[in-house]
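The values are calculated or read from the model by the stated rules, or taken from the named source; none is laboratory data. This is a predicted model, so every value here is computed, not measured. Every residue, glycine among them, receives a Cβ derived from its backbone with ideal geometry; neighbour counts consider all protein chains shown. Heads up: the accessible areas ignore ligands, DNA and RNA and are worked out on the full protein's heavy atoms, side chains in. Shrake-Rupley method; radii C 1.70, N 1.55, O 1.52, S 1.80 Å.
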Amino acid sequence: MPTHENDYPQLLSLAVHEFRTPASVVSGYLRMLQRDTEHPLTSRQSRMVDEAEKSCARLVALVGELSEISNLDAGTARLAQQSVDIFALAQELAESVQGGADNVHLEFHGEFAGAPITGDITRLRAAFGAIFRAILREKASPCTVVVDCRVNQTAEGRAAVIVVAEPETVQTSYDSQPGPFDERRGGLGLALPIARRVIEAHGGRLSTPAKLPDRDGKGTAVIAFPLSE
């Protein structure tokens, strides 16, 4: 019998449960080996166990990320209801996020405030940070990446828009129709799939400009949230 789309959240939740127990057991035994004073490990064994413990910790973190995706997709994630200006949040992250090559710089442009929404500040901060780091990782050195914030008037009403791009493509990114954002980038775990879901859970949209001259949209992101009148 084929798997129905509605079965997906339950299947993912079950997978998380099944992975979590063995991962925790392995992690616990590795910590016991690290702390064993009666039969201490050799230097070589200690290094191997340390590396195994780091990898196990990464697996545990991935299980946690899968759980977050499961909850967001099922609509069971408990989102905090806090007042936040997403332009101010974007500025905060733009000034603190690192992750690109040595000569790749992230700058904040545009409006510092004027985009109030109600939402989960912790999850939004993590989502913005993941997107900014993903864009920085794709840039060759040297380069400047801009986080540009504006309030735009659309057919649906006012929207707070955040463009993350190189300066020469910022305006084109605003003018372009939105295209799908590629969240399947390596090296970031499940941070980008979670980021998209968090933004959508707040009524927003994460996209890539559908058409940029001589580009495929990589290294550019557009985050948009509707604003109440």
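THR42 contributes an accessible area of around 70 Å² to the protein surface, as traced by a 1.4 Å probe with all chains present. Think of each Lys and Arg Cβ as +1 and each Asp and Glu Cβ as -1; about the Cα centre, that makes the dipole of the range 18-86 roughly 220 debye.
Return the calculated 222 nm mean residue ellipticity for the chain, to the nearest 500 deg cm²/dmol, obtained by summing -39500 (n - 2.57) across DSSP H runs with n ≥ 4 and dividing by the residue count. If you can, show how the numbers build up before the last one.
Values: 6 runs with 103 residues, N = 229.
Result for the chain, helices only: -15000 deg cm²/dmol.
Based on C-alpha pairs under 8 angstrom that are at least 6 apart in sequence, the range 71-201 has a relative contact order of 27 percent.
Pairwise alpha-carbon distances in the range 24-89 exceed 16 Å for 64% of all pairs. Accessible-area rank, largest first, for LYS211, LYS139: LYS211, LYS139, with all protein chains present and a 1.4 angstrom probe. Each of PRO178, SER13, ILE162 was scored by the projection of its Cα onto the charge dipole of the chain, and the greatest displacement toward the positive side belongs to SER13; charges sit on the C-beta of Lys, Arg, Asp and Glu.
If eta is 1.002 mPa s and T is 20 °C, what Stokes-Einstein diffusion coefficient results for the range 122-229, Kirkwood Rh from Cα pairs, in µm²/s? Provide the component values of the computation, followed by the final result.
Details: Rh = 14.1 Å.
Translational D for this selection: 153 µm²/s.
Just need the relative contact order of the chain here, percent rounded to a whole number, with Cα pairs under 8 Å and 6+ apart. Averaging sequence separation for qualifying contacts and normalising by length gives 18 percent for the chain.
In terms of accessible area, using a 1.4 Å probe and ignoring ligands and nucleic acids, HIS39, HIS202, HIS105 rank largest first as HIS39, HIS105, HIS202. From the Kirkwood radius over Cα pairs of the range 166-213, Stokes-Einstein at 10 °C and 1.306 mPa s returns a whole-number translational diffusion coefficient of 133 µm²/s.
By a 1.4 Å probe calculation restricted to protein chains, LEU227 has an accessible surface near 20 Å², given to the nearest 10.
With the convex hull drawn around the C-alpha atoms of the range 62-143, the volume per residue stands at 105 Å³.
Rounded to the nearest 10 square angstrom, VAL147 shows an accessible area of 0 square angstrom against a 1.4 Å probe. Taken over the chain, the convex hull of the Cα atoms encloses 183 Å³ per residue. Both numbers refer to the Cα atoms of the range 111-166; Rg and Dmax are 13.4, 39 Å. For the chain, the Cβ-based charge dipole about the Cα centre amounts to some 460 debye (Lys, Arg positive; Asp, Glu negative; other atoms uncharged). Our summary gives the range 128-173 a relative contact order of 33 percent, counting only alpha carbon pairs under 8 angstrom and 6 or more residues apart.
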